[in-house]
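Accompanying notes for the structure given below.
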Amino acid sequence: MQSDDSAIPASDPFMLFEVWYAEAKEAEPNDPNAMALATASEDGFPSVRMVLLKGHGTDGFVFYTNAESRKGEQIRANRRAALLFHWKSLRRQIRIEGPLEEVSEIEADTYFHSRPRVSQIGSAASDQSRPLPDRQVYLDRVHALEERYPEGDIPRPAHWTGFRLSPRRIEFWQDRQYRLHDRRLFSREDETEAWSNTLLYP
């Protein structure tokens, strides 16, 4: 039930995300699509880092990564994850939790080849999260790929892919004076169910 003065309507959470995200793209000076991604190992040790949202809709929220990185290994071992958007200029947050699934090869190829060519090379040259003895080693690998592929797209490495988080919980948080914040939680058991929602104490 919505309180009379709630700043967060009890509407469809995907539509509400679209509204807040559009406002963030107008207000945030850098990377309004930046989000914290929290994953955990098979034995429950958590890890968090910033990634970029690269697709979203009613089927979920998509980001891309090297699947052989630390985050990729954790995702393979434990498919549950959480996202956090924090838009300081708007004094808002959105927390999203749910299981992850890998995007299709077509989706991964399409996004990989939409990136600047140097970014494609940088990703293909990187053993992400692995020890690097010297930065020049990485730059040499970048240069070698530039020579091997002097023009056109770079083949997407098989281990470079994307993941889609299908939300089970979406919480919207709006700052209020004196820390009397406004919070609304939308939740469902799986993607076939209708959303329920409730206000939360700040």
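The values are calculated or read from the model by the stated rules, or taken from the named source; none is laboratory data. Since the structure is predicted, the reported quantities are computational estimates derived from the model, not experimental observations. Quick reminder, even Gly has a Cβ in these numbers, built from the backbone with ideal geometry, and neighbours come from all protein chains shown. Surface accessibility is based on the protein's heavy atoms, side chains included, excluding ligands, DNA and RNA. Shrake-Rupley method; radii C 1.70, N 1.55, O 1.52, S 1.80 Å.
Comparing Leu132, Leu165, Leu83 in a Gaussian network model of the chain (Cα springs below 10 Å), the most mobile by mean-square fluctuation is Leu132. Of the beta bridges in the chain, as assigned by DSSP with both residues counted there, near 100 percent are antiparallel. Residues in region 125-137 carry Karplus couplings, in order, of 7, 9, 9, 3, 6, 7, x, 10, x, 6, 4, 4, 4 Hz; the curve used is 6.51 cos²θ - 1.76 cosθ + 1.60 with θ = phi - 60°, and Gly or Pro positions show x.
A simple charge model with +1 on the Cβ of Lys and Arg, -1 on the Cβ of Asp and Glu and nothing else charged puts the dipole of the chain at about 640 debye relative to its Cα centre. Across the chain, Cα pairs under 8 Å and at least six residues apart give a relative contact order of 23 percent.
Between Leu145 and Thr198, residue separation times 0.36 nm minus the direct Cα-Cα distance comes to 13.8 nm. Sequence-ordered 3J(HN,Hα) estimates for region 50-60 from the Karplus curve with 6.51, -1.76 and 1.60 and θ = phi - 60° stand at 8, 9, 10, 5, 10, x, 7, x, 5, 8, x Hz, glycine and proline given as x. Only one residue of Leu53, Ala27, Gly72 has its Cα farthest out toward the positive end of the dipole of region 20-137, where Lys and Arg carry +1 and Asp and Glu -1 on Cβ, and that residue is Ala27. Within the listed set Tyr149, Tyr178, Tyr21, the Gaussian network model of the chain (springs between alpha-carbon atoms below 10 Å) gives the highest mean-square fluctuation for Tyr178.
Per residue, region 50-140 exposes 55 Å² of accessible surface when a 1.4 Å probe is rolled over the protein heavy atoms with every protein chain present. Share of carbon and sulfur in the accessible area of the chain stands at 50%, probe radius 1.4 Å.
If only the Cβ of Lys and Arg carry +1 and only the Cβ of Asp and Glu carry -1, the dipole of region 126-202 around its Cα centre is close to 460 debye. Oblate is the label for region 76-124. Its Cα gyration tensor axes, ordered a ≥ b ≥ c, give a/c of at least 1.5 and b/c at or above a/b. A 1.4 Å probe, protein heavy atoms only, puts the accessible area of His181 near 20 Å². For region 141-181, what does the alpha-carbon gyration tensor say about shape, rounded, prolate or oblate, given a ≥ b ≥ c as the root eigenvalues, a/c under 1.5 as rounded, and a/b over b/c as prolate? Taking the square roots of the gyration eigenvalues as a ≥ b ≥ c, region 141-181 is prolate. From helices alone, the chain scores -8000 deg cm²/dmol at 222 nm; the rule is -39500 (n - 2.57) for each run of n ≥ 4 DSSP H residues, then divide by the residue total.
When you work out D = kT/(6 pi eta Rh) for region 26-86 at 10 °C and 1.306 mPa s, using the Kirkwood radius from C-alpha pairs as Rh and the Stokes-Einstein form, the result is 128 µm²/s.
Once the cut-off is 26 Å, how many percent of the Cα-Cα pairs in the chain end up in the long-distance tail? So the pairs more than 26 Å apart make up 43 percent of the total in the chain. Cα gyration tensor of region 82-164, axes a ≥ b ≥ c as square roots of the eigenvalues: rounded (a/c below 1.5), prolate (a/b > b/c) or oblate? In terms of gyration-tensor shape, prolate. Which of Pro157, Trp195, Leu145 sits closest to the plus end of the dipole of region 126-202, meaning its Cα is farthest towards the positive end, when Lys and Arg get +1 and Asp and Glu get -1 on the C-beta? Value: Trp195.
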